[in-house]
1. Which one is nearest to A:Asp260 (Cα to Cα), of the residues in the range A:106-161 that are hydroxyl-bearing (Ser, Thr, Tyr) and in a helix (DSSP H, G or I)?
2. Take B:Arg167 and decide whether it is basic (Lys, Arg) and within 23 Å of B:Asp373 (Cα to Cα).
3. Please specify each residue of the range A:67-82 satisfying the condition of being assigned to a loop (DSSP other than H, G, I, E, B) and closer than 25 Å to B:Leu109 by Cβ.
4. Do the conditions hold for B:Ser356, that is, is it crowded, with 20+ Cβ neighbours inside 10 Å and within 30 Å of B:Ser92 (Cα to Cα)?
5. Among the aliphatic types (A, V, I, L, M), in contact with a Lys or Arg (Cβ under 9 Å, 6 or more places away or on another chain) and over 24 Å from B:Leu109 (Cβ atoms): which single residue out of A:Ala108, A:Ala95 fits that description?
6. For A:Val248, indicate whether it is at pLDDT 90 or above and under 17 Å from the mean Cα position of the chain (by Cα).
7. Can you spot a residue in the range B:193-202 that is among the small types (Gly, Ala, Ser), farther than 28 Å from B:Thr311 by Cα and in a loop (DSSP other than H, G, I, E, B)?
8. Can you find a residue in the range B:255-263 that is part of a helix (DSSP H, G or I), in contact (Cβ under 8 Å) with a residue 40 or more places away in the chain and either away from chain A (no Cβ under 14 Å) or within 29 Å of B:Leu115 (Cα to Cα) (or both)?
Amino acid sequence: MTVTASTTPPPAAELPATTSLRPRRRSRGAALPYLLLLPALLLELLVHLVPMVIGVVMSFKELTQFFVRDWGSAPWTGLGNYRVAVRFDAPVGQALLHSFLITCGFTALSVGLSWLLGTAAAILTQQGFRGRALLRGVFLVPYALPVYAAVITWSFMFQRDNGLVNHVLHDQLRLASGHPFWLIGGNSFAALVTVSVWRSWPFAFLCLTAGLQNIPRELYEAAAMDGAGIWQQVRRITLPSLRPVNQVLVLVLFLWTFNDFNTPYVLFGKSAPAAADVISIHIYQSSFITWNFGSGAAMSVLLLLFLLLVTVGYLVATARGRDADA
Amino acid sequence: MPNRRGLAALTAALALTASACGGGAAIGGDGGNAHPRTLTYWASNQGASLADDRRVLAPELARFQRRTGIKVKLEVIGWPDLLNRVLAATISGQGPDVLNIGNTWSASLQATGALLPFDPRLLTAIGGRNRFAPAALAATGAADRDPAAVPLYSLSYGLYWNRALFRRAGIPRPPTTWAELTADGRRLTGGGHYGLAIEGGNYAENAHHAFILGRQHGADFFTADGRPRFNTPQAVAAVKQYVDFMAKDRITAPGDAEYAAQQSLQDFATGRAAMLMWQSAASSLKAHGMPGDAYGVAPIPFQTANASGPTRVDSMVAGINLAVFRNSQNRDGAVKFVRFMTSTAEQKTLNAAFGSIPPVKDAQDDPAFATPDLTTLRQVLAHGAAPLPQVPDESQFETLVGTAIKDLFADAAAGRPVTDASVRAALTKAQQQLPTS
């Protein structure tokens, strides 16, 4: 789970409006760049590819508790683990499918809301006003907080009897009848989406704020001269100009949210309620709770293939859309 | 730039999914004595907090160092993480030298081969198996194999009851049958108070009570050859009886369905609940501000008065075992440490500090363990406690059945009916998650 952190673009690099200067090219030492890249490449292999390959190998083995100490001795099962995972009329496959659908719904809602909130906040703070820097700083707090500390606080707030959420919703605003549960049962889905959006919208806000800096002011001035209102300016200038940023942002948010393990794990513990049984937790349970790591690995590989498919499809579709625009 | 970042994110995501259960290479090598001067010890959380454990253990570890010259690096690990840490250590081969395990995991961990078996030679080195109470030894692994660990602290379930609340409700003594418990519970429920507190979101507690009630109903959760059998009519009856404290009898607060961090203990200590079924709760209750004379400890009720035979079970053999990690690079030192921790003197000190019962017979005579509540718990352990099934799938039983019960409590709390059919469906689903079923 720490892997995500390493690929998070450094926020500081985003904010200044860079009109990047191309580094001057030098012809001598054609091999040098590749040599310099070599350590990074080797580390990349070590950190990313080797575990992936091991994971794939595991998925073809019957890696249960009897063999975890010495993986080599685990018997090969061929596609056995995969067959169990995708037999949707049997309990294991059914549970996986259910979890997959929950995750799709969760991801769509979380990414959509995060993007919407991020866009709205970025546009609203585009114009200078007193306290803007402070407000932007406050907006970024959820992104800067350690995940565990933040989510455990949410889990306290969602407690039924003593939690802040029920206190506000029922005791003060009288919106809910009785104290509903948030961490067990059906509402747990809403709780998960809430925390996930709270955690990821600042990232959307950050990227979009950076993107907004690159839109020339003249465009807005010209549009205003032509009589375009705020809404039209947003639709005709801001959103199209943010397209490249959005393309990456939505993809990254999608991948992070789909795979998010920390939020549901800290919120619900080892056994997530059925309504919030997202795929990362489900795979964790399939491997760690039933001690069947081969089966968990097979599910991971299936997930990997799905994400690969979605990502390639998305990149092709958006690139084509951009070409058509150009 | 965007494409490159997309690619990086993609790579990361792929690695993340693929490594979700990967990481580390398999190291099957055996241990030895390459590092004879140090030991790493993973202790479970026995006191009111992790710091409390460190405070109790530090002087003892210093004593061990003075005697043997071996420095013990202590790490106290909370219960929610301990099994995962042990599992990760097993997979990677990188672990502690000596570790505490919940005694119910003994057979599961024994099956992995990660723990050094206490063969007759090793048992002799620590003073022989006769030093330990038979009930505690029964929970150290499969019956036909050398123990995977030795008992360190013993615990048993007791029914904790609040003297003042019982007096106020005009109930002279604690219940001895479940019918009495529910009747008493109803009288004790009302005005924000509840009869019985249950840790409904905690799968381990749920599984333990399912086991105890199961034995009373004549349910075995595993066949003789270790195959799971979670959904027998007896098992359904046992689980339903447990969930019904909330669903039907309504002597348990609906909010207990999400308790997983000892909130039920707190509810009992503050008088919000009048009864609690717990293992050696004295030190935790004290930490929550409840004095020892405010409550009594009785055996957990039976189905009928004068229960006898194999259904006369009112606790599991609970406790903590001490194990040596097979990959230890200081095996001799590790065995010395086990010998030290199970010595009569250390057993008295440690069990007295943690409010548990010494599994070493010589240590049990100490007056520290003759308090009324520890006497009750000791008698339960000796006469009414059964070990959880010592089969490889035991830890999966705890997580799967415990989680199924957690979901049933969620149904009960939300007012959805809990029926024989819904209990059977939940237990069947739990059993189907096991690869061997």
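The values are calculated or read from the model by the stated rules, or taken from the named source; none is laboratory data. Remember, predicted model here, so these are calculated numbers, not experimental data. Positions of Cβ are backbone-derived with ideal geometry, glycine not excepted, and every protein chain shown enters the neighbour counts.
1. Filtering the range A:106-161 for residues hydroxyl-bearing (Ser, Thr, Tyr) gives A:107, A:110, A:114, A:119, A:125, A:143, A:148, A:153, A:155.
Narrowing the set further to residues that are in a helix (DSSP H, G or I) leaves A:107, A:110, A:114, A:119, A:143, A:148, A:153, A:155.
Numbers: A:Thr107: 10, A:Ser110: 11, A:Ser114: 14, A:Thr119: 22, A:Tyr143: 14, A:Tyr148: 13, A:Thr153: 18, A:Ser155: 16 Å.
Out of the qualifying residues, it is A:Thr107.
2. yes
3. A:Phe67, A:Val68, A:Arg69, A:Asp70, A:Ala74, A:Pro75, A:Thr77
4. Details: crowded, with 20+ Cβ neighbours inside 10 Å: yes; within 30 Å of B:Ser92 (Cα to Cα): no.
It is false that B:Ser356 is crowded, with 20+ Cβ neighbours inside 10 Å and within 30 Å of B:Ser92 (Cα to Cα).
5. Criteria check complete, one pass: A:Ala95.
6. yes
7. We begin by selecting, within the range B:193-202, every residue among the small types (Gly, Ala, Ser); these are B:195, B:197, B:200-201.
Those still in the list that are farther than 28 Å from B:Thr311 by Cα too: none.
So far as the range B:193-202 goes, no, none of its residues is among the small types (Gly, Ala, Ser), farther than 28 Å from B:Thr311 by Cα and in a loop (DSSP other than H, G, I, E, B).
8. no
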